[in-house]
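Encoded as structure tokens, the structure appears first; notes follow it.
The values are calculated or read from the model by the stated rules, or taken from the named source; none is laboratory data. Owing to the predicted nature of the structure, the values given are computational and were not obtained by experimental measurement. Don't worry about glycine lacking a Cβ; one is built from the backbone with ideal geometry, like all the others, and counts go over all protein chains shown.
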Amino acid sequence: MKIDLKNPLIFFDVETTGMNIASDRIVEISYLKIYPDQREEIKTFRVNPTIPIPPDVTAIHGISDEDVKDAPTFAEIAKTLVKSFEGCDFAGYNSNKFDLPLLAEEFLRANIDFDLKKRKFIDVMVIFYKREQRTLSAAYQFYCNKDLTNAHSAEADTRATYEVLQAQLDMYPDLQNNVDKLSEYSAQSRSVDFMGRIVYNDRNEEIFNFGKYKGQTVVSVLSKDPSYYSWMMNGDFPLYTKNVLTAIKLRGFNKK
């Protein structure tokens, strides 16, 4: 089933130096842009992460330091990506918890003001887990009856994710063919930051979603324990999370 689109939809996948959102970097990014008239455009970029790629990570995706030593850095391709991504919604596999937060970090490190929070996100993995509970390769076999060759290649995974979402729309008649509804259905929590360290409660208040203050509002914690702000700002948290925390803190100052 073709996806009903109002805006172009970007399916994307990244290969990285590791799994730490705050410290790891993108080494390859591939995106498949689907236009409302169903035209397709696919591009893949190798990226010099400016830090070493661990051998155990290279063993997974096959990209070594030698492969990317002459590639552009993310900062050098960031404006090109923003131009392609402007006005688009996004989709991926486990993208809400990993690919999108890491992409947001890379834009921040490149000093590019591109607010992904204004867009809609569809996480195909969440739809799959809610329905079947498998991996991308198994999802591809289950929904598309194909073997996923060249897995852990950004382009192969990107294309497979697009085909899986189309097949999910065919298989589940109650799954609404609408980016807003798919984004809502595949959201795992109402997060304020991408990593879900800060989320909204039922009263639309920002609360911490981890640690000793889990479940407490950010405003109340910053009021009773101001040092917690400094601890997070100096800790191994993503830049986006720190920016969100700072915005909440400054908002409190402006109300005084």
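The figures follow:
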{"read-out": "Test: residue in region 88-109 that is aliphatic (A, V, I, L, M), at negative phi and without any contact (Cβ under 8 Å) to a residue 60 or more places away in the chain", "value": "no"}
{"read-out": "Listing of helices (runs of 4 or more DSSP H) fully contained in region 177-256 that carry 3 or more residues being exposed (fewer than 12 other Cβ atoms within 10 Å of the Cβ), under 18 Å from the mean Cα position of the chain (by Cα) and at pLDDT 95 or above", "value": "none"}
{"read-out": "Single match in ASP37, ASP67 (criterion: within 26 Å of ASN177 (Cβ to Cβ) and of a type in the set (Asp, Glu))", "value": "ASP37"}
{"read-out": "Within region 23-64, tally of residues that are free of Cβ contacts under 8 Å to residues at least 40 places away in the same chain and touching a Pro at 6+ places or on another chain (Cβ under 6 Å)", "value": "1"}
{"read-out": "When residues of region 77-136 are limited to those that are assigned to a helix (DSSP H, G or I) and of a type in the set (S, T, N, Q), the one farthest from SER23 (Cα to Cα)", "value": "SER84"}
{"read-out": "Unmet criterion (only one of (1) charged (D, E, K, R); (2) out of contact with any Asp or Glu (no Cβ under 7 Å at 6 or more places or on another chain); (3) not in a loop (DSSP other than H, G, I, E, B)) for ASP24", "value": "(3)"}
{"read-out": "Test: ASP13 is surrounded by fewer than 21 Cβ atoms within 10 Å (Cβ to Cβ) and charged (D, E, K, R)", "value": "no"}
{"read-out": "Enumeration of residues in region 215-256 that are of a type in the set (Ser, Thr, Tyr), free of Cβ contacts under 8 Å to residues at least 60 places away in the same chain and in contact with a helix residue (DSSP H, G or I) (Cβ under 7 Å, 6 or more places away or on another chain)", "value": "TYR228, TYR229"}
{"read-out": "Residue check for ARG46: surrounded by 13 or more Cβ atoms within 10 Å (Cβ to Cβ) and more than 23 Å from ARG159 (Cβ to Cβ)", "value": "no"}
{"read-out": "The lone exception for ALA151 - which of (1) modelled with pLDDT of 95 or more; (2) surrounded by 14 or more Cβ atoms within 10 Å (Cβ to Cβ); (3) over 14 Å from the mean Cα position of the chain (by Cα) it fails", "value": "(1)"}
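Yes/no matrix, rows are residues, columns are (1) under 28 Å from VAL27 (Cβ atoms); (2) in contact with an Asp or Glu (Cβ under 9 Å, 6 or more places away or on another chain); (3) free of Cβ contacts under 8 Å to residues at least 40 places away in the same chain:
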{"site": "LEU148", "(1), (2), (3)": "yes, yes, yes"}
{"site": "SER153", "(1), (2), (3)": "yes, yes, no"}
{"site": "THR158", "(1), (2), (3)": "yes, yes, no"}
{"site": "THR161", "(1), (2), (3)": "yes, yes, no"}
{"site": "LEU165", "(1), (2), (3)": "yes, no, no"}
{"site": "ASP170", "(1), (2), (3)": "no, no, no"}
{"site": "ASP174", "(1), (2), (3)": "no, no, yes"}
{"site": "ASN178", "(1), (2), (3)": "no, yes, no"}
{"site": "GLU184", "(1), (2), (3)": "no, no, yes"}
